[in-house]
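Below: the structure, in structure tokens.
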Amino acid sequence: KKMISDKQYDEASEFLNTYTLALDAIERNVERKQTFANYMQSTNSLIQALKSDQVALAGKGLAPGGNADTFIYKTAYAGAQDLFAKYKFESAKTRDEFLELLHKSRADLGQ
């Protein structure tokens, strides 16, 4: 004896396919919104940096401004360089070695 009919099976399969498509659409929408939010945050950081003389326009690019030492991306870059030097991430030969170094750095930093 069948537990469900062929029609019920088809309807359930169609529902699950539709549900999967809807989840995929939602995920794509969230990714687009996050990309836009990241773009806006970066743009606002750059505008603030221009206003506070952390960077200046130079031809088709940017140059350090009078307050360049306080520019958030310069500070973040310097911090990243320090972490790479301390934990020697570049020495990892495999993904697993890199993840091991990354986990150690996070444990040391209390995260």
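The values are calculated or read from the model by the stated rules, or taken from the named source; none is laboratory data. These numbers were taken from a predicted model, which means no experiment stands behind them. A quick note on method: Cβ atoms are made from the backbone with ideal geometry, for glycine too, and the neighbour counts reach across all protein chains shown. Side chains included, ligands, DNA and RNA excluded: accessible areas come from the protein's heavy atoms. Shrake-Rupley method; radii C 1.70, N 1.55, O 1.52, S 1.80 Å.
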Any residue at all in the stretch 74-96 that is outside any helix (DSSP H, G or I), modelled with pLDDT of 90 or more and touching a Phe, Trp or Tyr at 6+ places or on another chain (Cβ under 9 Å)?
yes
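Mind checking which residues of the stretch 73-96 are farther than 19 Å from L109 by Cβ and either surrounded by 12 or more Cβ atoms within 10 Å (Cβ to Cβ) or basic (K, R) (or both)?
Once the filter is applied, which keeps residues that are farther than 19 Å from L109 by Cβ and either surrounded by 12 or more Cβ atoms within 10 Å (Cβ to Cβ) or basic (K, R) (or both), the stretch 73-96 yields Y73, K74, K93, R95.
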All positions within the stretch 5-64 that are among the acidic types (D, E) and within 26 Å of the chain's Cα centre (by Cα):
D24, E27, E31
Just checking, how many residues over the stretch 13-66 are of a type in the set (D, E, K, R) and either open to solvent by less than 60 Å² (accessible area, probe 1.4 Å) or not in a helix (DSSP H, G or I) (or both)?
2
Any pair with Cβ under 9 angstrom, 6 or more apart, that starts in the stretch 62-91 at a residue that is over 18 Å from T43 (Cα atoms) and ends at one that is surrounded by 12 or more Cβ atoms within 10 Å (Cβ to Cβ) and among the small types (G, A, S)
G66/A56; N67/A49; N67/S52; L83/S105; K86/S105; Y87/S105; F89/S105
